[in-house]
Structures are given as structure tokens and as C-alpha cells.
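Rule-based calculations on the coordinates, nothing more; no lab input. Bear in mind the structure is a predicted one, so any value in this text is a computation, not a measurement. Positions of Cβ are generated from backbone atoms using ideal geometry, with glycine treated the same way; all protein chains shown enter the neighbour counts.
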Amino acid sequence: MRKPVIAGNWKMYKTIAEAVDFIEKIKPVAAKADHCEVVVAPPFTALAAAAKAAKGSKVAVSAQDVHWDKEGAHTGDISPVMLIDAGCTHVIIGHSERRHDHGETDEQVNRKLKAALAAGLTPIVCVGETLAERESGGTGEVLKTQFEGSLAGLTPSDFSRIIIAYEPVWAIGTGRTATPEIAAEAHRLLRQLAARRFGEQEASGVRILYGGSVKPDNVGGLMAQEEIDGALVGGASLKVDSFSALVNYPRG
Ligand code: PEP
């Protein structure tokens, strides 16, 4: 049984007060949502206050990125220990906006992932192809390269602690969602890669979230796919009403 995860990636939105207000409002929604785990990822500045507001509730707080070192001369970066200190339990790693805006490589994603695991965080590792890669038939190869590079050196036990997010770059923030079938096909491929690398049991247990313009009106179709174990949501996670609707996605 893979418990679905509905995760909101707030990107560079929300002040501390806005983050706390949102968490206070979503706590009762999450409390009633036994069918899924609820995660929100505020910006760094709001993490500690968000985690304090979420303490003792069913809302888990995630960072949006992490450095691999414990401390050091890395201006602007935040370490895994600092995220734990702020009250985070999860961290998004390798989001396409980090890969594209900051040139993050699979090797760096891998170092971040290992450091996050060592610190006791639950990593949400993102992979996904660009439009050009999909249109040239390269989706499978891109996912394989990202999967193998990002997860290099992990043991099956490490792997059992991570969450994967399939986020086709062409669907992020564009309003263009992958159809449930396209998403499920990519998830199946990722699960096959996981089986080959970590074994059938680990592959069938890993949660693979879909991300890319998920909204209250399309989440039901996506979640109806057996292969889709939740959603990583940007835009539609910013308002309490729409995030609540995503948490309470239609269930058959
Ligand atoms: C994301 O930021 O991970 C994302 C999927 O964004 P959006 O839902 O806005 O496409």
C-alpha cells in the first residue's frame, strides 16, 4: 500500500505571516484527510515559523532545496542540519527550476540526496523531460539518465526512504498538464528503472508523485491512475481553497 502524498511547492511566494496563516487554515483539512499525507514547502525564510505552526498536526513542512555540506563557505546555501533545526521533515531536491535556473546537475542532486538522507530528511527527488526532449522521442532516455545519476550509490534501504516526483518540464506552470495516461506511462518507466536497480519490492513501495499544472479539476483523473501516488503542486497550492480541494481529491 502506497499512501498518497499531496505536496505544495510554494516556490518564491509567501511571507512568514502568510505561510503561518495558510498552515493554520490547512491543519483542520489535513487532520481529516486520512487517505493521504500533506506536505507544504514554504520558502527558506518561512520554514521555522511554518514548522512551529504545523507542529503536532498532520501537515509536514518541506524545504525546496538543500546543500550537501553540513556547514561551510557557501554563501546563500542552507544545510540539511539547518533544515532539521528549522523543523523540516522533507526536502525537494532537483526541481526543474533548480536544474534550469541554477544549472543543477544529476551529480549535485545525488550529493544533496545523500546528505538529506544522512540527516534524516525525506527527500522528494524531481525528474522530468523538456518539451524538446519529449518531442524528439527522448523521454525514456532522459528519465533513465536522471534516475540513475540522481540516485547513484543509494542502497535499497536508502531508496525506501525517498519520494520521487515525475515533473515534465513542459507541464510546470504552463497550464498544460500531462494526460493521466502520459503521466502513468512515465511513472511505470520510473518504477521499472527502480525495480532493475533496487529490486521489485522497493520499486513497488516507492511513492511517485506527478507534478505539472495539477489543479482541483484535473487531480481526480490523475489520482485515478494506479501508478500515480500523489501530486507535487506549484500554482494551485498557493490558495487554501484550491490546496484543500487537492488534498480532498475525488476518490472512487
Ligand atoms: C512545481 O512547482 O513543482 C509544479 C508542478 O508547478 P505547477 O503546479 O504550477 O505546474
For region 164-177, 3J(HN,Hα) per residue [Karplus equation, 6.51 cos²θ - 1.76 cosθ + 1.60, θ = phi - 60°, Hz, x = Gly/Pro]: 9, 10, 8, 10, x, 4, 5, 9, 7, x, 9, x, 9, 8
About the Cα centre, charge dipole magnitude for the chain (Lys/Arg +1, Asp/Glu -1 at Cβ), debye: 660 debye
Beta bridges by DSSP in region 1-103, antiparallel share as percent, to the nearest 5: 0 percent
Placed amide H near Ala60: partners under 5 Å, 5+ positions off or other chain: Val38, Val39, Val40
Label-reachable residues, region 104-124, where backbone N falls under 15 Å from a point 7 Å from Ala73's Cα toward its Cβ: none
Segment Arg188-Lys3, length gained on full extension (0.36 nm per residue, minus Cα span): 64.9 nm
Among the listed pairs Lys11/Lys144; Lys3/Lys70; Lys25/Lys144, those beyond 28 Å (Cα-Cα): Lys3/Lys70; Lys25/Lys144
Ranked list, fewest to most other Cβ atoms within 10 Å of each Cβ, for Tyr13, Tyr249, Tyr166: Tyr13, Tyr249, Tyr166
Extension gain (nm, one decimal) between His100 and Thr179, 0.36 nm per residue minus Cα-Cα: 26.1 nm
Pair Lys144, Arg161: separation of 7 Å Cα→Cβ label points (nm): 3.0 nm
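Neighbouring Cβ atoms within 10 Å as the yardstick, rank Lys52, Lys112 fewest first.
By the 10 Å Cβ count, ascending: Lys52, Lys112.
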Label-to-label distance, nm, for residues given as Ala224 and Glu24 (7 Å Cα→Cβ offset): 3.9 nm
Cut-off under 5 Å, modelled amide H: who pairs with Arg207 long-range: Ile164
Extreme residue, positive dipole direction of region 109-252, given options Ala231, Asn110, Thr174 (C-beta unit charges): Asn110
10 Å Cβ shell holding at most 11 others, DSSP loop, GluC sites (Glu not before Pro): longest site-free stretch of the chain: 72-225
Unit charges at the beta carbon, dipole of region 57-117: most positive-side option, His90, Ala63, Thr75: His90
